[in-house]
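Single-structure report; data block below.
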Amino acid sequence: MAAFTTPGLMAEELTRTPAMTEGPFYPDKMPLDTDNDLLIINDALTPAVGEVTYLGGKVLDAKGQPLRNAFVEIWQVDSKASYIHTRGENKEGRDGNFQGYGRFMTDSKGQYFFRTIKPVPYRAGRGFRTPHIHVAVSKNGQRILTTQLLVNGHELNAEDGVYRQIRNPEQRKTILVDFKPLPDSKVGELAANFDIVLGKTVEENPDGTIKGGIGQSELTSGGRGPRPSRNQ
């Protein structure tokens with residue numbers, strides 16, 4: 001597993017990671033394997049297709065203190081731009097070797113790690129959604145934050161409707177992640193660091209109920225929600 005670095009603790013508040021839509025394609029049926037290696041399902045021999053990426057970072061509070069024993073979940077499309085969802089498969093089908101979803105509990109330093117693929121764009125309505133990975137953080141079974149990370153410098157970012165909803169330019173910067181070549185990798189593996197800075201204890205629905213949880217969509221915990229759309 002690659003090593004990742006994060007800024008040291010700061011006296012002043014860090015810029016908080018913005019909350020972003022969960023989207024409609026949080027898995028409606030969990031894959032057989034939900035560990036932090038999305039490239040291999042259980043003991044399969046064939047890995048998923050895509051640019052192998054070691055994704056890591058820390059979960060911190062606004063003062064830079066690490067949050068231990070928090071569950072970090074990620075989910076994303078595969079190399080064919082399909083989600084692990086009954087309505088998330090596009091016409092090219094699905095990479096059956098890609099897990100599509102994973103979870104990891106942070107350690108005493110607030111660190112988390114995943115092995116996945118670099119995200120790819122997909123068609124959404126008349127345009128495209130920029131490459132992104134959905135991220136959720138839960139503590140004690142309660143959803144704390146739902147957000148997304150984007151590929152820094154990707155040409156579709158500027159036109160992405162979800163990204164443009166973030167008005168604060170400093171918060172925009174926090175979700176733009178560099179995917180850098182992993183030193184000494186002979187197969188073109190990448191490393192990406194995404195530190196998550198929390199602002200509040202739980203994420204609530206308008207009626208005051210708690211959004212989501214580990215292995216649970218916001219839609220199932222706070223109402224039925226809209227029909228799935230690939231615009232998110």
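The values are calculated or read from the model by the stated rules, or taken from the named source; none is laboratory data. Given the structure is predicted, the values throughout are model-derived calculations rather than measurements. When we count neighbours, we look across all protein chains shown, and the Cβ atoms used for this are built from the backbone with ideal geometry, even at glycine.
Just name the residue that is farthest from the chain's Cα centre (by Cα) out of those in region 189-219 that are modelled with pLDDT of 95 or more and either part of a helix (DSSP H, G or I) or over 15 Å from Q148 (Cα atoms) (or both). Steps first, please.
Start the filter on region 189-219 by keeping residues that are modelled with pLDDT of 95 or more, which leaves 189-198.
Imposing the further condition that a residue be either part of a helix (DSSP H, G or I) or over 15 Å from Q148 (Cα atoms) (or both) reduces the set to 189-191.
Working: E189: 19, L190: 16, A191: 15 Å.
Step by step, filter region 189-219, then rank; the result is E189.
Looking at region 25-60 only, could you name the residues that are assigned to a loop (DSSP other than H, G, I, E, B), touching a Ser or Thr at 6+ places or on another chain (Cβ under 6 Å) and within 24 Å of V151 (Cα to Cα)?
In the first step, residues of region 25-60 are kept if they are assigned to a loop (DSSP other than H, G, I, E, B); the result is 25-36, 38-51.
From what's left, touching a Ser or Thr at 6+ places or on another chain (Cβ under 6 Å): 26, 28, 38, 49-50.
Result: Y26, L38, V49, G50.
Would you be able to say whether some residue in region 94-105 is surrounded by fewer than 17 Cβ atoms within 10 Å (Cβ to Cβ), in a loop (DSSP other than H, G, I, E, B) and either of a type outside the set (D, E, K, R) or more than 18 Å from the chain's Cα centre (by Cα) (or both)? Quick ask: steps written out before the conclusion?
If we filter region 94-105 for residues that are surrounded by fewer than 17 Cβ atoms within 10 Å (Cβ to Cβ), which is where we start, we get 96, 105.
So of that shortlist, the ones also in a loop (DSSP other than H, G, I, E, B) come out as 96.
Within this subset, residues satisfying the condition of being either of a type outside the set (D, E, K, R) or more than 18 Å from the chain's Cα centre (by Cα) (or both) are 96.
Yes, there is a match, as at least one residue in region 94-105 is surrounded by fewer than 17 Cβ atoms within 10 Å (Cβ to Cβ), in a loop (DSSP other than H, G, I, E, B) and either of a type outside the set (D, E, K, R) or more than 18 Å from the chain's Cα centre (by Cα) (or both).
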Task: Among (1) under 24 Å from N168 (Cα atoms); (2) buried (at least 22 other Cβ atoms within 10 Å of the Cβ) - the single one F25 does not satisfy - done: (1)
Task: Residue satisfying all of: in region 74-93; more than 22 Å from A192 (Cα to Cα) and β-branched (V, I, T); surrounded by the most Cβ atoms within 10 Å (Cβ to Cβ) among these - done: I84
Open item on the list: out of contact with any strand residue (DSSP E or B) (no Cβ under 6 Å at 6 or more places or on another chain) and either within 27 Å of E89 (Cα to Cα) or assigned to a strand (DSSP E or B) (or both): which single residue out of H134, H154 fits that description?
Closed with: H154
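Could you please let me know if R129 is buried (at least 17 other Cβ atoms within 10 Å of the Cβ), within 18 Å of G23 (Cβ to Cβ) and either in contact (Cβ under 8 Å) with a residue 60 or more places away in the chain or in contact with a helix residue (DSSP H, G or I) (Cβ under 8 Å, 6 or more places away or on another chain) (or both)?
On the way: buried (at least 17 other Cβ atoms within 10 Å of the Cβ): yes; within 18 Å of G23 (Cβ to Cβ): yes; either in contact (Cβ under 8 Å) with a residue 60 or more places away in the chain or in contact with a helix residue (DSSP H, G or I) (Cβ under 8 Å, 6 or more places away or on another chain) (or both): yes.
Here the answer is yes, as R129 does meet what is asked.
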Task: region 141-169 residues that are on the phi > 0 side of the Ramachandran plot, paired with ones that are of a type outside the set (A, V, I, L, M, F, W, C) and not in a strand (DSSP E or B) (beta carbon under 9 Å, 6 or more apart) - done: G153/D178
Task: Filter result (touching a residue at least 60 places away in the same chain (Cβ under 8 Å) and either loosely packed, with under 14 Cβ neighbours inside 10 Å or in a strand (DSSP E or B) (or both)) within region 61-73 - done: N69, F71, V72, E73
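Against the condition farther than 14 Å from V135 by Cβ, at pLDDT below 95 and surrounded by 16 or more Cβ atoms within 10 Å (Cβ to Cβ), how does P31 come out, does it pass?
Values: farther than 14 Å from V135 by Cβ: yes; at pLDDT below 95: yes; surrounded by 16 or more Cβ atoms within 10 Å (Cβ to Cβ): yes.
Judged against the criteria, P31 is a match.
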- [ ] Take region 157-188 and flag every residue that is outside any helix (DSSP H, G or I), over 19 Å from Y112 (Cα atoms) and acidic (D, E).
- [x] D160, D184
Open item on the list: Can you pull out every residue in region 128-143 that is among the hydrophobic types (A, V, I, L, M, F, W, C) and modelled with pLDDT under 95?
Closed with: F128
Open item on the list: Yes or no: region 75-89 includes at least one residue that is free of Cβ contacts under 8 Å to residues at least 12 places away in the same chain, under 24 Å from Y122 (Cβ atoms), out of contact with any Pro (no Cβ under 9 Å at 6 or more places or on another chain) and of a type in the set (D, E).
Closed with: yes
Open item on the list: assigned to a loop (DSSP other than H, G, I, E, B), farther than 18 Å from S82 by Cα and polar (S, T, N, Q): is that true of S108 in this structure?
Closed with: yes
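If you check T17 against the conditions, is it surrounded by 17 or more Cβ atoms within 10 Å (Cβ to Cβ), among the β-branched types (V, I, T) and modelled with pLDDT under 95?
On the way: surrounded by 17 or more Cβ atoms within 10 Å (Cβ to Cβ): yes; among the β-branched types (V, I, T): yes; modelled with pLDDT under 95: no.
Criteria not met by T17.
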